[in-house]
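Working notes for the structure below.
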Amino acid sequence: MLKALLLILDPADSWEGVALSRRGLGLTLLLYLAPMMLIVAAAEGCGLAEWGHAQAPPAGTRIFTPGQAAVAEAFQEILMLAAIALCAYLIKALGDTFHGRNTYTQAFKVVAYGLSPIFLLRLLDVVPALSLWIPWVIGIMLTMKILYHGVPIVLKPDPPHAFGLYLMSCLLIAMVTAAERFISIGALTGEFTRLSSLIDDLGSRLHF
């Protein structure tokens, strides 16, 4: 979480540190992304079990059992990890069209660190009455801000292509994470009945 704050407050120097780091994809996942995702999942899960979350009208606020909250958070984190992997793949492919020679690890770092504000703002999801879109909107705006420094520093595109790669990377990340948020919201609020029922069924089998 500290790194996420530093990326927001001092993006240029923070991205230089990321670019100089020798961490591969596995270490980036284990030492940075996974701990942050676990912290967010734990906070959100406790919020669902303690205060619940607003459901689709006409239903009110629903309190989740600990098992249901655990399954819901596991689903969200798996979905988010898939979104990050997809964004990294698309940005790597996009860099190739701009005559870049980037590795998947570089693209993964850009996405994983670039999405830090979204993870940080997801801590607001514990507020039952707060729309789950609000943290995403604020987070994606901050993500675009820090990617302005991250894309050229980590991916090192040719100067004539740098701004175009930045814009397209932001667009891809916004589209993919918006889709992830849409599915997550549908599952948590009961709008996707089959998915919500599956989460409830799996959660009922966990006795915490």
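Of all residue pairs spaced 6 or more apart or on separate chains, those with beta-carbon atoms under 6 Å, a first member in region 3-16 that is on the phi < 0 side of the Ramachandran plot and a second member that is β-branched (Val, Ile, Thr) and modelled with pLDDT of 90 or more are LEU7/ILE146; PRO11/ILE146; TRP15/ILE153.
For region 95-125, the set of residues classified as modelled with pLDDT of 90 or more and of a type in the set (A, V, I, L, M, F, W, C) consists of ALA107, PHE108, VAL110, VAL111, ALA112, LEU115, ILE118, PHE119, LEU120, LEU121, LEU123, LEU124, listed by residue number.
All but one of (1) within 20 Å of the chain's Cα centre (by Cα); (2) assigned to a helix (DSSP H, G or I); (3) without any contact (Cβ under 8 Å) to a residue 40 or more places away in the chain hold for SER131; state the number of the condition that does not hold. Failing condition for SER131: (2).
Could you go through region 184-202 and let me know if any residue there is of a type in the set (Lys, Arg) and in contact (Cβ under 8 Å) with a residue 40 or more places away in the chain. No: region 184-202 contains no residue that is of a type in the set (Lys, Arg) and in contact (Cβ under 8 Å) with a residue 40 or more places away in the chain. Of the helices (runs of 4 or more DSSP H) lying entirely inside region 1-106, the ones with 2 or more residues being surrounded by 20 or more Cβ atoms within 10 Å (Cβ to Cβ) are found at 2-9, 11-20, 34-50, 66-97. Pairs are defined by a Cβ separation below 8 Å, a sequence spacing of at least 6 or placement on different chains, a first member in region 61-85 that is without any contact (Cβ under 8 Å) to a residue 60 or more places away in the chain, and a second member that is of a type in the set (Phe, Trp, Tyr); the pairs so defined are ILE63/TRP51; ILE84/PHE108; ALA85/PHE108.
Go through the residues of region 145-157 one by one and say whether even a single one is among the aliphatic types (A, V, I, L, M), in contact with a Cys (Cβ under 9 Å, 6 or more places away or on another chain), assigned to a helix (DSSP H, G or I) and in contact (Cβ under 8 Å) with a residue 12 or more places away in the chain.
Residues of region 145-157 that are among the aliphatic types (A, V, I, L, M), as a first pass: 146-147, 151, 153-155.
Remaining after also requiring in contact with a Cys (Cβ under 9 Å, 6 or more places away or on another chain): 147, 151.
From the residues that got through so far, the ones that are assigned to a helix (DSSP H, G or I) too are 147, 151.
Next, only the ones that are in contact (Cβ under 8 Å) with a residue 12 or more places away in the chain stay: 147, 151.
Yes, there is a match, as at least one residue in region 145-157 is among the aliphatic types (A, V, I, L, M), in contact with a Cys (Cβ under 9 Å, 6 or more places away or on another chain), assigned to a helix (DSSP H, G or I) and in contact (Cβ under 8 Å) with a residue 12 or more places away in the chain.
Of the residues contained in region 114-127, one or more are found to be outside any helix (DSSP H, G or I), on the phi < 0 side of the Ramachandran plot and touching a residue at least 12 places away in the same chain (Cβ under 8 Å).
Just wondering, is there one or more residues in region 185-203 that are modelled with pLDDT of 85 or more, aliphatic (A, V, I, L, M) and closer than 30 Å to ASP13 by Cβ? No, the conditions are met nowhere in region 185-203.
The values are calculated or read from the model by the stated rules, or taken from the named source; none is laboratory data. A quick note: this is a predicted structure, and the numbers were derived from the prediction, not measured. Cβ atoms come from the backbone with ideal geometry, glycine included; neighbour counts cover every protein chain shown.
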